[in-house]
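K.L.:
Attaching a single structure in structure tokens format; questions to follow.
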Amino acid sequence: MVLASPKPMRNETILPNDLIPIVDLKSERSEVIKQIVKASEEYGFFKVINHGISDGTIEKMEEAGFSFFAKPMSQKKQAAPAYGCKNIGFNGDIGEVEYLLLNANTSSIAQISKTISNDDPHSNFRCRVSEYTEAVKEVACEILELMAEGLGVPDTKVFSSLIKDIDSDSVLRLNHYPPTLNKDKSHSNNVGFGEHSDPQILTILRSNDVSGLQISLQHGLWIPVNPDPEALCINIGDVLEVMTNGRFVSVRHRAMTNSYKSRMSMAYFGAPPLNASIVAPPVLVTPTRPSLFRPFTWADYKKATYSLRLGDTRIQLFRAN
Ligand code: GA4
């Protein structure tokens, strides 16, 4: 069967995907740091390999996700508002996607797992989500500490401590994009999740072996990200752009659907606690590079995020002066 790859939208250029940096976390430490900093400054996006998460942990999570999405709609709807279909956010954004959006702290996972696995408190679903979330959180912390070191920040845990905090507002999202070729062979809308940047600190994304993710360098220039079973994709979020005083850039990205195959992605969004102040460490604010943003809390940022549309650039609201 010939698979149709997502078509460029009008006035868009699709660049080759071998531009995307791949960082081997097992290579020499100073080399890893250099590559991560470069990719975060230039693209706000890179892949990591040799990340240490076992295939079993990933496969079990993926299996749990697929079996949830295979349930009848009436059962999936019982998991609302964690479960949603087509509606993204609260302001009218729509995509060809259904999803589970779970708070990544343990008690919330336990709560929603009860609904998803018909009240069995020891269900596989709960164990699998906890195991996967813990594992990706570790990788996120390792990467954030390498980033801090690469930027010359003396407290290398300045970013990672926010997502390690017991009150961290991190979330895990499973997105399922059903195939979008209609019975009459015409394509319906093939945007699964429209263009946006992630509001949090760092996103770690893994997808099944179906393409669809694209990142944007500048408006209208898109790079498809090939699925890679060995790799995790790392996105810089808005909060990390602010906390690096603009050294790192939050990447705009979107997900297209496939005509014939189901795509599922699993994204961990590492976020600070609601009351955390979002400010750059002093070493990144200098007379020649004064603070680009005014101080605010993650609660302020989250509120602004949810009052806007998916594609809006909310970071602008927090610029200094
Ligand atoms: C994008 C990144 C995460 O998926 C998410 C999304 C959130 C949601 O689906 O509820 C948002 C979107 C995301 C940014 C703008 C607002 C909020 C939908 C939306 C229209 C969970 C997040 O944190 O921000």
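The values are calculated or read from the model by the stated rules, or taken from the named source; none is laboratory data. It should be emphasised that the depicted structure is a prediction, and the values quoted were computed from it without experimental measurement. So basically every Cβ, Gly included, is an ideal-geometry build from the backbone, and we count neighbours across all protein chains shown. What goes into the accessible areas is simple: the full protein's heavy atoms, side chains included, and nothing from ligands, DNA or RNA. Shrake-Rupley method; radii C 1.70, N 1.55, O 1.52, S 1.80 Å.
K.L.:
Among the residues of the stretch 70-80, write down those that are assigned to a helix (DSSP H, G or I) and open to solvent by less than 20 Å² (accessible area, probe 1.4 Å).
P.N.:
Lys76
K.L.:
From the list Asn118, Asn103, Asn124, which one is more than 20 Å from Ile234 (Cα to Cα), at pLDDT 75 or above and not β-branched (Val, Ile, Thr)? Walk me through how you get there before you give the answer.
P.N.:
On the way: Asn118 fails: at pLDDT 75 or above; Asn103 fails: more than 20 Å from Ile234 (Cα to Cα).
The unique qualifying residue is Asn124.
K.L.:
Within the stretch 257-272, is there a residue that is at pLDDT 95 or above, aromatic (Phe, Trp, Tyr) and more than 16 Å from the ligand (Cβ to nearest atom)?
P.N.:
No: zero hits.
K.L.:
Of all residues in the stretch 22-69 being part of a loop (DSSP other than H, G, I, E, B) and charged (D, E, K, R), which is farthest from the chain's Cα centre (by Cα)? Before you say what the answer is, go through the steps one by one.
P.N.:
First, the residues of the stretch 22-69 that are part of a loop (DSSP other than H, G, I, E, B): 25-28, 43-44, 50-54.
With charged (D, E, K, R) added as a condition, the list becomes 26, 28.
On the way: Lys26: 23, Glu28: 26 Å.
Checked the stretch 22-69; the qualifying residue farthest from the chain's Cα centre (by Cα) is Glu28.
K.L.:
Then there is this: Please give the number of the condition Glu98 fails out of (1) away from the ligand (no atom under 11 Å from the Cβ); (2) in contact with a strand residue (DSSP E or B) (Cβ under 8 Å, 6 or more places away or on another chain); (3) touching a residue at least 40 places away in the same chain (Cβ under 8 Å); (4) farther than 22 Å from Asn258 by Cα.
P.N.:
Here Glu98 meets the rest and fails (4).
K.L.:
A further question on this structure: If you scan the stretch 271-291, which residues turn out to be open to solvent by 60 Å² or more (accessible area, probe 1.4 Å) and over 22 Å from the mean Cα position of the chain (by Cα)?
P.N.:
Step one: filter the stretch 271-291 for residues open to solvent by 60 Å² or more (accessible area, probe 1.4 Å), giving 274-275, 277, 279, 282-283, 287-290.
Hits for the stretch 271-291 are Pro282, Val283, Pro287, Thr288, Arg289, Pro290.
K.L.:
Could you list, in sequence order, the residues of the stretch 58-95 that are touching a Leu at 6+ places or on another chain (Cβ under 6 Å) and either of a type in the set (Phe, Trp, Tyr) or more than 16 Å from the ligand (Cβ to nearest atom) (or both)?
P.N.:
Tyr83
K.L.:
Quick one: Tyr83 ticks every box in (1) of a type outside the set (Lys, Arg); (2) free of Cβ contacts under 8 Å to residues at least 60 places away in the same chain; (3) touching a helix residue (DSSP H, G or I) at 6+ places or on another chain (Cβ under 9 Å); (4) open to solvent by 20 Å² or more (accessible area, probe 1.4 Å) bar one, so which box is it?
P.N.:
Condition not satisfied by Tyr83: (4).
K.L.:
Can you tell me which of Arg294, Arg247 is crowded, with 18+ Cβ neighbours inside 10 Å and either modelled with pLDDT of 95 or more or within 16 Å of the ligand (Cβ to nearest atom) (or both)? Full working, then the answer.
P.N.:
On the way: Arg294 fails: crowded, with 18+ Cβ neighbours inside 10 Å.
After ruling out the rest, the residue left standing is Arg247.
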